[in-house]
């Protein structure tokens, strides 16, 4: 049986407790033993290398080196890391080692919540096979700084036609779903998931389910 650790907290606006409950139920449905903690000290106090998957749900906040380094070491050794939205890639804004490991960091969401936008999926990967080539989301459309080494599985067009901004003169395909390696570990991220209701939609839910399974240590 695979073991997963979920650690949640940080900014309440992303409903970290509700998302943690949702992810725990999802992982238990896949046969995982799930340990849910509400403190970053769990990263320091637990033997992270006994887990197959770590799921951070912690928007903003600060992480001490003695809390972050065990996660880095565990992922380097082969433990998977997977998460979504601000809970993984708008976490610990001052910690560049965290950003390097996760593959990206939030910069802006023009129009804030309630933007209707399209996510396009790249075929040929276990996370995307059989899913629609594109689908609509009503949420925050994340503009991010991302690692060019990520394998991008989903992207959205910037700028949005209804939400101009400083980025408007630099149109691009902004990565929204990706995988990467960090040492021997597999990392998965989806920018979808401003609140639990977004993650409960069929396609975002399936993307997360598959992402967890792909990231977990084989």
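Below is a table of values for the structure above.
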{"read-out": "Residue among 157, 136 that is in a strand (DSSP E or B) and either in contact with a helix residue (DSSP H, G or I) (Cβ under 9 Å, 6 or more places away or on another chain) or surrounded by 15 or more Cβ atoms within 10 Å (Cβ to Cβ) (or both)", "value": "157"}
{"read-out": "Qualifying positions in the range 75-94 - surrounded by fewer than 19 Cβ atoms within 10 Å (Cβ to Cβ) and closer than 19 Å to residue 11 by Cα", "value": "93, 94"}
{"read-out": "Wholly within the range 9-88, strands (runs of 3 or more DSSP E) carrying at least 3 residues that are modelled with pLDDT under 95 and out of contact with any strand residue (DSSP E or B) (no Cβ under 7 Å at 6 or more places or on another chain)", "value": "none"}
{"read-out": "Test set (1) surrounded by fewer than 21 Cβ atoms within 10 Å (Cβ to Cβ); (2) touching a helix residue (DSSP H, G or I) at 6+ places or on another chain (Cβ under 6 Å); (3) within 16 Å of residue 102 (Cα to Cα) - residue 196 fails condition number", "value": "(3)"}
{"read-out": "Failed item in (1) free of Cβ contacts under 8 Å to residues at least 60 places away in the same chain; (2) in contact with a strand residue (DSSP E or B) (Cβ under 8 Å, 6 or more places away or on another chain); (3) assigned to a loop (DSSP other than H, G, I, E, B); (4) under 30 Å from residue 49 (Cβ atoms), with residue 141 passing the rest", "value": "(4)"}
{"read-out": "Residues of the range 108-125 satisfying the condition of being touching a helix residue (DSSP H, G or I) at 6+ places or on another chain (Cβ under 9 Å) and not in a loop (DSSP other than H, G, I, E, B)", "value": "108, 119, 121"}
{"read-out": "Residue satisfying all of: in the range 1-17; in contact (Cβ under 8 Å) with a residue 60 or more places away in the chain and buried (at least 20 other Cβ atoms within 10 Å of the Cβ); farthest from residue 27 (Cα to Cα) among these", "value": "10"}
{"read-out": "Those residues of the range 39-59 which are under 21 Å from residue 90 (Cβ atoms) and surrounded by 15 or more Cβ atoms within 10 Å (Cβ to Cβ), in sequence order", "value": "40, 42, 43, 53, 54, 55, 56, 57, 58, 59"}
{"read-out": "Residue in the range 174-190 that is assigned to a loop (DSSP other than H, G, I, E, B), modelled with pLDDT of 95 or more and more than 23 Å from residue 96 (Cα to Cα) present", "value": "no"}
{"read-out": "Selected residue [surrounded by fewer than 17 Cβ atoms within 10 Å (Cβ to Cβ), under 30 Å from residue 218 (Cβ atoms) and touching a residue at least 12 places away in the same chain (Cβ under 8 Å)] from 165, 183", "value": "183"}
{"read-out": "Residues that are more than 13 Å from residue 109 (Cβ to Cβ) and touching a residue at least 24 places away in the same chain (Cβ under 8 Å), drawn from the range 144-161", "value": "145, 146, 147, 149, 150, 151, 152, 153, 154, 155, 157"}
{"read-out": "Qualifying position, being over 18 Å from the mean Cα position of the chain (by Cα), touching a residue at least 40 places away in the same chain (Cβ under 8 Å) and at positive phi, among 111, 130", "value": "111"}
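The values are calculated or read from the model by the stated rules, or taken from the named source; none is laboratory data. Here the structure is a predicted model, which is why all the values come from computation and not from measurement. Positions of Cβ are generated from backbone atoms using ideal geometry, with glycine treated the same way; all protein chains shown enter the neighbour counts.
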